[in-house]
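Single-structure report; data block below.
The values are calculated or read from the model by the stated rules, or taken from the named source; none is laboratory data. Please read all numbers here as calculations on a predicted model, not as lab measurements. Counting neighbours? That spans all protein chains shown, and the Cβs are built from the backbone with ideal geometry, glycine included. In case anyone asks, the SASA skips ligands and DNA or RNA and just uses the protein heavy atoms, side chains included. Shrake-Rupley method; radii C 1.70, N 1.55, O 1.52, S 1.80 Å.
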Amino acid sequence: QGLFLRLFYPCLPRAGAVEPLWIPRPEYCGGLADATLGRRWCSALLSIAIGSCRVPVSWNGPLKPHSSGYPLIIFSHGLGAFRTLYSSICTELASWGFVVAALEHRDHSAATTYFCTAQAGTEEWIPFQRVPQGQKEFYFRNKQVHQRAQECVRALRLFQGIAGGRTDQNILHQEWDLSVLKDSLDLTKVAVMGHSFGGVTAVLALVKEPSFRCAVALDAWMFPLENLLYSEVPKPVLFINTEKFQTPESVAKMKRLSSRNSQTRIVTLLGTVHEDQTDFAFLPGKLFSLIFGRRGTLDPHRALAITSRAALAFLQRHLKLQEEFGQWDELLEGVGDSVVPGAPLGPSRL
């Protein structure tokens, strides 16, 4: 019944700040090796290659005061990922004045995760699970996406409780006190965001929770969402797709949503592959190719800048932010040297 998340937020600079590990514990290398490569024996190699990488942020840094409260984004990871693998986009959004709660889902879709049992100090690990033999994938993934969306809602409830003065127990012993957020969030300005499986999770979360004002779906995997729910999605969605991942069937489902809500936008980032919207895009070329086999032609820093700016323009529009993110509105219409509206669907594009 708990939640597991990493919180990204604007903080004050301080000398000698500690940077957190990108892969928070060795067990996650084993989970990645199994979920991504199907070879758990590669765990030690992954640990050597990426186990010492750190995220360029200040760990447990002091929250930067904000007179009117920060808008909140709940972020949902993709299949076989976990809470820290989107640190680049989450850090970028936090640097522009958002509090971003990156969840780690407990539906067996994370590479691995764990929870603490009632017995103090005892951990129980939840492994990645493939579709059981003999079971149809849609029904298995549909159950997962509903659990994931409910976890997004539960995360919002956590922050609503904090804003209301409720004290929630943090089982992980941290120096950072969640209660400092009590008067620092504007919970009238809340969005949900995610990548791949997390993208469709964000869409479903709009159905489950009226407080989510909009969703940003990065290369959403639309397959697990039942058809009956398309007419129930009440708020606008920004779909930011990569060039090499989407299928005509998936884009057709996105267009069903755009036909019902004129504020929904679908854009495609040329020269990108599915993993370019994760931190893996910043791995050295040979290491990336070893894990995924291919990479996009667009520079990952350029791809991150375009993705974040399009998201910021969309969030300003639908969260009613008093910022200057509207300068990037043209990205929402697919205007730019690397962005096109909709999705290119020629055979060479898939």
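Results, tabulated for the structure shown:
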| quantity | calculated |
| --- | --- |
| Residue that is most open to solvent (accessible area, probe 1.4 Å), among those in region 101-124 that are modelled with pLDDT under 95 and closer than 21 Å to Ala33 by Cβ | Glu124 |
| Residue satisfying condition, being free of Cβ contacts under 8 Å to residues at least 60 places away in the same chain and either surrounded by fewer than 22 Cβ atoms within 10 Å (Cβ to Cβ) or β-branched (Val, Ile, Thr) (or both), within set Trp22, Trp59 | Trp59 |
| Search result, residues across region 303-344 that are open to solvent by 40 Å² or more (accessible area, probe 1.4 Å) and assigned to a helix (DSSP H, G or I) | Arg309, Arg317, Gln327, Asp329, Glu330, Glu333 |
| Residue pairs meeting the criteria (Cβ under 8 Å; at least 6 apart or on separate chains; first more than 22 Å from Leu206 (Cα to Cα), in region 151-170; second open to solvent by 60 Å² or more (accessible area, probe 1.4 Å) and among the basic types (Lys, Arg)) | Gly165/Lys182 |
| Residue count, region 72-88 (criterion: open to solvent by 10 Å² or more (accessible area, probe 1.4 Å) and under 11 Å from Tyr9 (Cα atoms)) | 0 |
| Candidates Ala44, Ala15, Ala33, Ala49, filtered to the one that is farther than 30 Å from Phe314 by Cα and either in a loop (DSSP other than H, G, I, E, B) or of a type in the set (Lys, Arg) (or both) | Ala15 |
| Extreme residue, surrounded by the fewest Cβ atoms within 10 Å (Cβ to Cβ), among residues of region 225-275 that are β-branched (Val, Ile, Thr) and part of a loop (DSSP other than H, G, I, E, B) | Thr247 |
| Residues (of a type in the set (S, T, N, Q) and either in contact with an Asp or Glu (Cβ under 8 Å, 6 or more places away or on another chain) or open to solvent by 50 Å² or more (accessible area, probe 1.4 Å) (or both)) located in region 158-215 | Gln160, Thr167, Gln169, Asn170, Gln174, Ser179, Thr188, Ser196 |
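Matching residues to (1) modelled with pLDDT under 95; (2) within 17 Å of Thr113 (Cβ to Cβ):
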position	(1), (2)
Arg148	no, yes
Val180	yes, no
Lys189	no, no
Gly194	no, yes
Thr201	no, yes
